[in-house]
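Peer 1: Pasting in a structure now, in structure tokens, and then I'll have a few things to ask.
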Amino acid sequence: MKVDVERLPKKEVKLKIEIDGEKVAQTYNHVIEEMVKSAEIKGFRKGEAPRNIVEPNLDQAKIRGEVINHLVPESYDQAVKESHIKPILLPKIELGNFENGRQLQFTATTCEAPEINLGNYKERLENIKSKGKTILGADGQPISGPKEEKEDDEKKIDDVLKALLETATVEICGLIIDEEVNHMLSRLVDQTGRLGLTVDQYLASIGKDVEALKKEYRETAEKTLRLEFALMETAKAENIIVEDSEI
């Protein structure tokens with residue numbers, strides 16, 4: 001197997017993988033043998049018809065599909081391991097020309113976790129920590145209680161998240177954003193379906209079109225992902241470990 005690794009901006013990785021003809025032929029032969037074992041041919045018991053009778057009746061597209069299903073995942077996993085790549089999402093696969101007995105070529109595009117620079121987050125967090133919100137009563141004196149403490153905590157959390165977004169540099173690969181947008185769209189389809197609406201009907205009711213929605217989702221997805229990665233990097237930097245018992 002031949003692997004060519006191309007590293008692109010924002011930790012995107014493209015693997016061009018070529019599987020030799022001998023491996024393809026062996027897999028092709030294995031797939032046909034398995035199909036022969038389950039074939040039903042008139043005049044023979046199931047799986048007992050000879051290969052030379054069964055093979056001409058097999059669906060060639062199905063054979064090709066099975067060969068690809070056997071070879072591509074296995075070869076991709078091997079290529080990732082040998083190339084010391086640590087992908088964080090499933091690859092986008094593009095098949096090249098493929099015929100039995102010849103090399104199978106395909107391209108797998110994925111990405112690794114982004115590089116993260118937290119900037120001066122410690123200084124910003126210390127400022128937030130030292131600030132506390134003071135709530136005054138009718139007599140002008142500070143008051144406190146469960147409600148006020150909860151409001152103060154919520155305000156501090158919002159300030160912390162905002163500070164992380166402002167100080168952290170996180171360049172998110174477009175592939176991760178696309179995947180998150182697709183998840184958001186899938187959830188929307190499910191939600192509108194439960195309401196008995198199509199997505200188009202829902203969008204018409206709120207005065208938006210698909211392109212505007214995708215743009216909005218993309219901005220939201222990028223912001224959410226930047227924050228998630230920044231929080232993970234902060235936890236690593238501060239050696240924060242959550243035990244199972246705490247969860």
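Peer 1: Take the Cβ-Cβ distance between N57 and R187 as r, set R0 to 41 Å, and report the resulting FRET efficiency rounded to the nearest 0.05.
Peer 2: Numbers: r = 44 Å, r/R0 = 1.08.
Efficiency computed from Cβ-Cβ geometry: 0.40.
Peer 1: Multiply the residue gap between E22 and K46 by 0.36 nm, knock off their C-alpha separation, and tell me the result in nm, one decimal place. If you can, show how the numbers build up before the last one.
Peer 2: Working: separation 24, 0.36 × 24 = 8.64 nm, distance 3.00 nm.
Between E22 and K46, full extension yields 5.6 nm more.
Peer 1: Okay, next question. In debye to the nearest 20, how big a dipole does the stretch 1-124 give about its Cα centre with +1 on each Lys and Arg Cβ and -1 on each Asp and Glu Cβ? Can you show the working numbers first?
Peer 2: Values: 20 positive and 21 negative charges, 67 e Å.
With only Lys, Arg, Asp and Glu charged at Cβ, the dipole is about 320 debye.
Peer 1: Which one, V210, A237, M1, is farthest towards the positive end of the dipole of the chain when Lys and Arg carry +1 and Asp and Glu -1 on their Cβ?
Peer 2: M1
Peer 1: In cubic angstrom, how much convex hull volume per residue do the alpha carbon atoms of the chain span?
Peer 2: Details: hull volume 64.9 nm³, N = 247.
It comes to 263 Å³ per residue, whole-number rounded.
Peer 1: Right, another one. Restricting to DSSP loop positions (anything but H, G, I, E, B) with no more than 14 other Cβ atoms inside 10 Å of their own Cβ, which trypsin sites (Lys or Arg not before Pro) remain in the stretch 1-99? Intermediate results must be reported in sequence, preceding the final value.
Peer 2: Numbers: sites: K2, R7, K10, K11, K14, K16, K23, K37, K42, R45, K46, R51, K62, R64, K81, K92; in loops: K42, R45, K46.
Answer in residue order: K42, R45, K46.
Peer 1: If R₀ is 25 angstrom, what is the calculated FRET efficiency for the pair K236 and E166, using the beta carbon separation as r and rounding to 0.05?
Peer 2: Values: r = 20 Å, r/R0 = 0.78.
Given R0 = 25 Å and the Cβ-Cβ separation, E is 0.80.
Peer 1: Using the beta-carbon distance between L90 and K10 and R0 = 22 Å, what value does 1/(1 + (r/R0)^6) give for FRET efficiency, to the nearest 0.05?
Peer 2: Working: r = 17 Å, r/R0 = 0.79.
Efficiency, from the Cβ-Cβ distance: 0.80.
Peer 1: According to the square roots a ≥ b ≥ c of the eigenvalues of the Cα gyration tensor, what is the shape class of the stretch 1-99, taking rounded for a/c under 1.5, prolate for a/b larger than b/c otherwise, and oblate for the remainder? Display every interim value, and only then the final one.
Peer 2: Working: a/c = 3.35, a/b = 3.09, b/c = 1.08.
Prolate shape, in that a/c is at least 1.5 and a/b is the bigger ratio.
Peer 1: Taking the Cα centre of the stretch 161-247 as origin, work out the dipole magnitude from +1 charges on Lys and Arg Cβ and -1 charges on Asp and Glu Cβ, in debye rounded to 20.
Peer 2: Working: 10 positive and 18 negative charges, 79 e Å.
The dipole of the stretch 161-247 has a size of about 380 debye.
Peer 1: Tell me which aspartates and glutamates have Cα within less than 15 Å of K42's Cα, excluding those fewer than 8 residues away on the same chain?
Peer 2: Once the sequence-local aspartates and glutamates are set aside, what remains near K42 is E55.
Peer 1: With a 10 Å cut-off between alpha carbons and a GNM built on the chain, which of V24, V13, V170 moves the most?
Peer 2: Taking springs between Cα atoms under 10 Å, the residue moving most is V24.
Peer 1: Which whole-Hz couplings ³J(HN,Hα) result when phi for each residue of the stretch 197-202 is put into the Karplus expression 6.51 cos²θ - 1.76 cosθ + 1.60, θ = phi - 60°, listed in order with x for Gly and Pro?
Peer 2: For the stretch 197-202, the Karplus-derived couplings read 10, 8, 4, 4, 5, 4 Hz, x marking Gly and Pro.
Peer 1: Would you kindly compute the Cα radius of gyration of the stretch 152-196 and its largest Cα-Cα separation (Dmax), both in Å?
Peer 2: 16.2, 43
Peer 1: Per DSSP H run of n ≥ 4, the term is -39500 (n - 2.57); total these for the chain, divide by its residue number, and report the mean residue ellipticity at 222 nm rounded to 500 deg cm²/dmol. Can you show the working numbers first?
Peer 2: Details: 8 runs with 134 residues, N = 247.
The helix-only estimate for the chain comes to -18000 deg cm²/dmol at 222 nm.
Peer 1: Can you find, among A49, Y121, L164, the residue sitting farthest towards the positive end of the charge dipole of the chain, where Lys and Arg contribute +1 and Asp and Glu -1 at Cβ?
Peer 2: Of the options given, the answer is A49.
Peer 1: Can you tell me the length gained on complete extension of the stretch A113 to S205, counting 0.36 nm per residue apart and subtracting the Cα distance?
Peer 2: Details: separation 92, 0.36 × 92 = 33.12 nm, distance 3.82 nm.
Here the answer is 29.3 nm.
Peer 1: Sticking with this one: Suppose every Lys and Arg Cβ carries +1 and every Asp and Glu Cβ carries -1, with no other charges. What dipole size does the chain come out with about its Cα centre, to the nearest 20 debye?
Peer 2: On the way: 37 positive and 49 negative charges, 113 e Å.
With only Lys, Arg, Asp and Glu charged at Cβ, the dipole is about 540 debye.
Readers should treat all values here as calculations from the given coordinates under stated rules, not as data from a laboratory. Bear in mind the structure is a predicted one, so any value in this text is a computation, not a measurement. Methodologically, a virtual Cβ is constructed for each residue, glycine included, from the backbone with ideal geometry; neighbour enumeration extends over all protein chains shown.
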